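Nothing in this text is a laboratory measurement; each read-out follows from the coordinates by a stated rule. What you see is a predicted model; the values in this text were computed from it and never measured. Ideal geometry is used to build each Cβ from the backbone, glycine not excepted, and the neighbour counts take in all protein chains shown.
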Amino acid sequence: MEQFFPFILLAVMLVVLIVLPARQRKRMQEQAATMQAALEIGTPVMTTSGIHGTIAGLGDTTVDLEIAPGVVVTIIRQAILEVRRPAEPTAVADDPARPADGTV
């Protein structure tokens, strides 16, 4: 039995270092594909390059992303990394040191 110990150890290391990360990577790819298929117009998103924008149009393999008012770029769906939540409004009006119109 002792003569097979190195082979058993090698097999265990193979599973830990190759098979398990491959399964996790596949699961993450499936989650990304599901998220990209469920995109809707008006959804705030972030791309893989860190650009934030709102979905302005959808194609079969592309997405029109509004990155500033009136500025729309076309990117592939796979470039969408995550769906972002809209920013919560800040309590500017509640701060007595700041004017109600938001100016400083």
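Each residue of the stretch 39-44 in turn: what ³J(HN,Hα) in whole Hz from Karplus with 6.51, -1.76, 1.60 and θ = phi - 60°, glycine and Pro shown as x?
Values per residue, Gly and Pro as x: 5, 10, 4, x, 7, x Hz.
Whole number please: convex hull volume per residue, Cα atoms of the stretch 2-83, in Å³.
90 Å³
Determine which residues of the stretch 68-84 fall in the zone a paramagnetic label at Ala32 would reach in this model, i.e. backbone nitrogen under 14 Å from the point 7 Å along Cα→Cβ.
Answer for the stretch 68-84: 76-83.
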